[in-house]
Amino acid sequence: MVRYVASDELSDPPPAEHGVRLLNPDGTPRAHPEFDALLDVEDLKSCYGAMLRARHLDDAATTLQRQGELALWIPLRGQEAAQVGSVRAAAPADFLFPSYREHAVAWERGLPPVEVMRLLRGITHGGWDPAAYNLANYALVLATQTLHAVGYALGIQLDAERARSAGPGMAAVATVAAATEGRANIGRPTIGSDPENARGAPARGHPENIVGPPIVGRPTNTVGLPNVGRPTNLGDVLDAAVVVYLGDGAMSQGDANEAFVWAASFNAPVVFFCTNNQWAISTPAARQARVPLAERAAGFGFPGVRVDGNDVVAVHAVTTWALERARAGAGPTLIEAYTYRMGPHTTSDDPTRYQPAEALDRWRALDPIDRVARALAPVCDPGWFDERLAEARATATRLRAQTLALADPPPDAFFDEVLVTETDEGRAQRAAFREYRESFQV
Amino acid sequence: MSMRTLRPAAVPGTIAAPVSPAPAPAAAGAPEHAAAEDAARPVALAKALGAALRDAMAADERIVLLGEDVGRLGGVFRVTDGLQREFGEARVIDSPLSESGIVGAAIGLAMRGYRPVCEIQFDGFVYPAFDQIVTQLSRLRQRSGGALRMPVTIRIPYGGGIGAVEHHSESPEAYFAHTPGLRVLTPSTAADGYLLLRQAVACDDPVIFFEPKRRYWERGPLTPAEDPPLPMERARVTRPGSDVTLLAYGPTVRTCLDAAAAAAAEGRSVEVVDLRSLAPLDWPTMTASLRRTGRAVVVHEAPVVAGLGAEIAARLTEECFYHLEAPVGRVGGYHVPYPPARLEKEYLPDLDRVLDAVDRAFGH
């Protein structure tokens with residue numbers, strides 16, 4: 001008989017199992033032999049604001065759902081550090097593929113919060129232009145997006161290949177192509193262009209993050225596993241990389257495993273960011289894996305790193321390292337962000353039927369936002385925290401008003417954009433639908 | 001029931017013989033028009049498809065091929081023969097054995113601005129990629145509010161008649177024709193193989209491109225049958241007739257042309273329409289033909305139950321009810337898994353089953 005590890009055994013690991021940790025739950029810095037903190041005080045303050053905003057937006061959305069204003073909400077509570085830390089490691093040119101819970105990633109990428117509400121209010125199945133934010137639409141079928149990410153990463157490699165083979169005089173061929181209709185799907189990073197979302201430039205790659213006095217961390221140490229260690233001098237051979245988000249449940253999908261094979265085989269510049277929140281609705285992570293998920297990467301031939309998903313500093317450092325590796329042509333990485341889903345799977349779920357209450361209590365003590373607050377407490381006065389809170393509340397209030405103001409789409413909107421090359425059949429069906437509706441309006 | 005005599009095919013070497021690598025004689029009924037010598041020289045359908053890919057890739061560097069064994073080997077049917085040598089490993093990608101990966105990666109490539117052409121090695125192997133095609137590829141345009149284009153072509157050799165093992169002889173086209181957001185094409189001649197594949201690759205929407213594998217080695221000119229060439233969503237009246245319309249596509253077009261020739265010897269004028277596009281279907285061409293002849297029979301290899309023939313028969317009945325001299329007939333596969341090779345001759349619609357359905361259309 002196979003004995004599965006009970007969920008309550010799994011959700012209470014000793015601290016070492018949290019993976020790379022650079023900020024202790026009490027807010028004190030922690031050294032790691034392979035990874036250094038890359039966020040300075042100002043970065044960390046900015047991260048705090050973003051995480052707090054995300055929580056308030058998240059709660060506002062849950063309330064809206066309970067009031068019947070959203071069809072569904074997918075809470076992210078508990079995963080603020082995993083999302084904010086990773087998205088802030090990405091450069092504007094990097095392309096991100098979310099699953100369906102990465103609202104904070106989307107908001108940090110510059111997507112107006114209300115755009116996500118349009119999806120969950122039932123106005124659209126996606127809605128935003130992926131090229132405008134270098135952010136794909138949500139993928140609700142588990143792990144499908146991992147293959148899209150690998151394909152996109154192959155495209156980045158092909159662009160570089162084309163630029164190389166065209167010779168120095170033609171090095172801009174990919175750029176030129178990008179400006180033409182064929183590349184209409186990419187480019188135009190507009191991060192921070194929406195005043196609603198002007199949250200400062202991404203933290204990655206700023207020299208001051210490295211040479212300035214870090215709030216935590218220690219000098220670069222590249223001793224250790226091959227390929228592990230911050231490659232500060234590798235240089236980019238590719239102009240972008242890809243981050244794709246998936247969950248612990250998606251790790252059991254065929255597509256995820258095919259994506260790992262493809263990424264390894266082509267050395268694709270892709271970072272698989274697995275948010276292990278330990279629950280796939282009611283299915284515990286123990287039913288998905290008998291080893292830490294990060295260890296799976298070794299079997300495919302690329303590094304896997306478990307990081308404390310409730311530590312924004314560590315998530316940022318590890319994701320930065322993985323992205324720099326990818327852009328340097330060193331291939332894919334699997335990051336397992338070890339965290340906990342503090343809310344239900346969705347607002348339709350009732351975790352009290354399967355989730356041990358004491359696990360929730362234990363993880364509440366590890367809250368990712370409280371951790372940063374403790375780290376900042378010595379350097380920020382209470383007034384600063386009050387301002388952040390007021391700001392987060394105001395953002396949530398705005399979101400609520402914007403959501404309530406959303407208009408329903410026109411009745412025949414479902415005929416829109418099924419094909420670029422609309423068919424006679426499609427036109428005829430739309431006309432028949434309109435005629436039918438109008439027949440009631442005598 | 002009286003004993004009946006099987007009628008001989010008027011054109012030799014059409015249905016009974018499995019596909020052989022040896023080139024078949026030039027197909028009768030090939031487009032009859034004068035053309036430039038090169039384009040008029042008969043080539044096999046497989047070669048025409050390869051030529052279409054080569055010419056498309058030469059014209060547009062965003063076109064990349066990916067599939068199992070498509071590069072060094074040139075594909076198990078040699079359709080992509082020589083393309084990796086000509087265009088390099090970066091553009092003709094030998095993929096892992098991972099069908100979902102082939103289509104999923106193609107989607108990502110399309111998001112980056114490329115125009116991927118995927119090869120699924122055999123019809124029965126498309127199911128691992130079914131999810132990516134149906135839940136992703138077909139919907140990403142609408143999901144993105146019209147921001148994304150998905151110019152992805154998925155080539156699938158399909159149909160039986162080659163004496164193969166299980167999963168190598170199937171006709172899954174109805175699944176894809178049923179799915180909104182996809183175009184579905186299938187050529188029956190070398191000229192259409194070239195033309196439709198060029199059109200598919202140039203199309204900004206996803207195209208599922210079914211290649212009738214038992215016709216791969218039938219020859220015809222590359223020159224389009226019409227000038228200007230027929231748009232990809234148009235059916236063609238391949239053989240005009242006045243008594244009954246046979247609606248066929250892919251591998252059964254040849255079967256129906258043979259049946260029409262045999263029927264002509266018996267004094268019956270049979271019109272053959274090659275549908276070419278299965279999604280969308282060309283209703284104007286079909287209804288015009290049925291209004292002329294008053295009778296129609298749909299012929300495909302796929303099981304009749306809930307197949308394309310059901311949609312066609314229902315729609316033609318709705319639109320042409322008062323022109324019908326008989327119910328629209330259907331000839332196709334039985335509702336059983338595609339049989340082992342020794343029995344496929346019994347399963348596949350052949351000349352006699354088509355003519356039997358024609359006879360029934362006149363029995364009303």
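The values are calculated or read from the model by the stated rules, or taken from the named source; none is laboratory data. As the structure is a computational prediction, the values presented were derived from the model and not from experiment. With ideal geometry, Cβ positions are generated from the backbone for all residues, glycine too; neighbour counts draw on all protein chains shown. Side chains included, ligands, DNA and RNA excluded: accessible areas come from the protein's heavy atoms. Shrake-Rupley method; radii C 1.70, N 1.55, O 1.52, S 1.80 Å.
Remarks
- Net dipole in debye of chain B [+1 Lys, Arg Cβ; -1 Asp, Glu Cβ; about Cα centre; nearest 20]: 200
- Dividing the mean sequence gap of close Cα pairs (under 8 Å, 6+ apart) by how many residues segment B:236-362 holds gives a relative contact order of 27 percent.
- Each part gets one Cα centre, and for segment A:62-85 versus segment A:293-332 those centres are 26 Å apart.
- Toward the positive end of the charge dipole of segment B:43-220, with +1 on the Cβ of Lys and Arg and -1 on the Cβ of Asp and Glu, the farthest Cα among B:ALA58, B:GLN136, B:PRO116 is that of B:ALA58.
- Residues of type lysines that B:LYS213 reaches as a straight line, Cα spacing below 29 Å, ignoring anything fewer than 8 places off in the same chain: B:LYS47, B:LYS345
- Net charge contributed by nearby residues that have their C-beta within less than 14 Å of A:ALA149 (K/R +1, D/E -1): -3
- Charge tally in the Cβ shell below 11 Å around B:ILE63, where Lys, Arg are +1 and Asp, Glu are -1, B:ILE63 excluded: +2
- Charge dipole (debye, nearest 20) of segment B:43-220; +1 at Cβ of Lys and Arg, -1 at Cβ of Asp and Glu: 420
- When DSSP beta bridges are restricted to pairs lying wholly in chain B, around 20% turn out antiparallel.
- Using a Förster distance of 60 Å, the FRET efficiency for B:ARG360-A:THR346 (Cβ separation, nearest 0.05): 0.65
- For the chain pair A and B, buried accessible area totals roughly 3900 Å², probe 1.4 Å, rounded to the nearest 100.
- The distance linking segment B:263-340 with segment A:248-286 is 46 Å (Cα centroid to Cα centroid, whole angstrom).
- Label-to-label distance, nm, for residues given as B:TYR334 and A:ASP408 (7 Å Cα→Cβ offset): 5.1
- D (Stokes-Einstein, µm²/s), Kirkwood Cα radius, segment A:319-375, 0.890 mPa s at 25 °C: 170
- Simple spin-label estimate for B:GLU226 and B:ALA90 in nanometres, 7 Å along Cα-Cβ: 4.0
- Loop-resident GluC sites (Glu not before Pro) (DSSP state other than H, G, I, E or B) in segment B:256-364 with no more than 12 further Cβ atoms inside 10 Å of their Cβ: B:GLU266.
- For B:LEU278, the residues whose amide H sits under 5 Å from its own are B:VAL184, B:LEU185, B:THR186, ignoring neighbours fewer than 5 places away on the same chain, with H placed 1.01 Å from N.
- Beta bridges per DSSP, both residues in segment B:236-362: antiparallel share near 20 percent.
- Charged neighbours of B:SER171, selected by a Cβ distance under 9 Å, balance to -4 (K, R count +1; D, E count -1).
- Within the accessible area of segment B:43-220, the carbon and sulfur atoms contribute 50%, probe 1.4 Å, all protein chains present.
- Remark on segment B:61-164: ratio of C-alpha radius of gyration to 2.2 N^0.38 Å is 1.08.
- Across B:ALA296, B:ALA310, B:ALA90, mean-square fluctuation computed from a Gaussian network of chain B (C-alpha pairs under 10 Å connected) peaks at B:ALA90.
- Inter-label distance, nm, simple model (7 Å from Cα along the C-beta direction), B:ASP69/A:VAL141: 2.7
- Distance from segment B:61-107 to segment A:410-442 (C-alpha centre basis), Å: 39
- A Förster radius of 35 Å, combined with the Cβ-Cβ distance separating B:THR317 from B:ARG54, puts the computed FRET efficiency at roughly 0.20.
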